[in-house]
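The values are calculated or read from the model by the stated rules, or taken from the named source; none is laboratory data. Bear in mind that the values here come from a model prediction, so they are computed numbers and not experimental data. No Cβ is skipped: glycine too gets one built from the backbone with ideal geometry, and neighbour counts run over all protein chains shown. Side chains included, ligands, DNA and RNA excluded: accessible areas come from the protein's heavy atoms. Shrake-Rupley method; radii C 1.70, N 1.55, O 1.52, S 1.80 Å.
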Amino acid sequence: MPIDLYYILGSPPCRSVMMLAKALDVKLNLKNTDLSKGEHQTPAFLKLNAQHTIPTINDNGLAIGESRAILCYLANQYGKDDSLYPKDPKKRAIVDQRLYFDMGSLYQGFVNYYLVPIMNTGKHGDPIHLEKLKDSFNVLDKILAGQTWTAGNSITIADYAIVVSVASVEVAGFDISKYQNVGKWYERAKKSIPGYKEINDEGNTLLKTFLQQFMK
């Protein structure tokens with residue numbers, strides 16, 4: 001039975017879930033959720049997710065919000081092995097750290113400097129948030145020094161989460177070219193992640209259009 005996914009394609013976190021589902025051959029029942037119409041605030045949706053956020057999945061009665069938690073669940077529940085989310089505590093801890101780094105620093109940097117200020121004011125945010133975003137990219141560049149993927153030499157769910165963050169800041173205008181290790185990893189991820197072009201590229205086009213509508 002397909003898993004219900006409440007989403008919008010322009011949302012980077014939604015795309016990470018969609019690409020992982022494709023990699024795991026998990027069928028999704030896509031439910032486009034129009035936030036402008038308050039479809040995430042209906043009693044039915046709030047019953048699934050009190051945070052009223054997307055993405056949200058409903059897997060035969062199990063409702064989960066937060067994209068990174070969804071990634072963990074899908075890998076645990078439907079992975080053919082544990083390569084995407086290792087069961088070994090030490091290896092898993094590294095993946096978890098990368099996910100939290102993405103949530104709290106990298107993707108948050110996109111939200112703080114680009115997404116929220118542009119939506120609210122039509123302009124980029126406070127320069128201090130740009131400096132924090134640059135710091136996050138410096139950290140990511142150091143993480144990737146001497147290794148193929150963000151949590152080692154095998155692709156994991158951390159790469160699925162982080163690649164949409166990198167793609168989002170790039171489409172918003174952030175120059176990633178000076179971060180050589182990030183650039184090499186980014187090109188590798190584009191070629192290695194199933195469905196990247198049709199899911200992430202199309203979503204980025206929508207995101208760019210969305211941001212441009214607010215820019216002054």
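One residue alone among 148, 156 is within 19 Å of residue 178 (Cα to Cα), under 21 Å from the mean Cα position of the chain (by Cα) and modelled with pLDDT of 95 or more, and that residue is 148. Residue 196 - would you say it is modelled with pLDDT of 95 or more and either more than 20 Å from residue 133 (Cβ to Cβ) or of a type in the set (D, E, K, R) (or both)? The answer is yes for residue 196. Under the condition of being among the aliphatic types (A, V, I, L, M), without any contact (Cβ under 8 Å) to a residue 60 or more places away in the chain and open to solvent by 30 Å² or more (accessible area, probe 1.4 Å), the residues counted in region 9-35 number 3. Checking the structure you have, find out if any residue of region 29-40 is part of a strand (DSSP E or B) and in contact with a Pro (Cβ under 7 Å, 6 or more places away or on another chain). Yes, region 29-40 contains a residue that is part of a strand (DSSP E or B) and in contact with a Pro (Cβ under 7 Å, 6 or more places away or on another chain). Being among the acidic types (Asp, Glu), in contact (Cβ under 8 Å) with a residue 40 or more places away in the chain and out of contact with any Cys (no Cβ under 6 Å at 6 or more places or on another chain) is true of residue 4. Checked against the criterion of being under 24 Å from residue 8 (Cβ atoms) and touching a Lys or Arg at 6+ places or on another chain (Cβ under 6 Å), region 104-111 contains one or more residues that satisfy it. Apart from one condition, residue 48 fits all of (1) in contact (Cβ under 8 Å) with a residue 40 or more places away in the chain; (2) open to solvent by 20 Å² or more (accessible area, probe 1.4 Å); (3) closer than 16 Å to residue 158 by Cα; (4) among the aliphatic types (A, V, I, L, M); the exception is (3). So, in region 9-45, exactly how many residues are touching a strand residue (DSSP E or B) at 6+ places or on another chain (Cβ under 6 Å) and over 21 Å from residue 156 (Cα atoms)? The total comes to 4.
Somewhere in region 83-99, is a residue farther than 30 Å from residue 147 by Cβ and of a type in the set (Val, Ile, Thr)? No, because not a single residue in region 83-99 is farther than 30 Å from residue 147 by Cβ and of a type in the set (Val, Ile, Thr).
Counting only helices (runs of 4 or more DSSP H) that sit completely within region 99-169, those holding 3 or more residues that are surrounded by fewer than 20 Cβ atoms within 10 Å (Cβ to Cβ) and assigned by the TED database to the domain that holds residue 193 correspond to 116-121, 127-143.
The set of residues in region 67-93 that are in contact with a helix residue (DSSP H, G or I) (Cβ under 8 Å, 6 or more places away or on another chain) and hydrophobic (A, V, I, L, M, F, W, C) comprises 70, 71, 72, 74, 75, 84.
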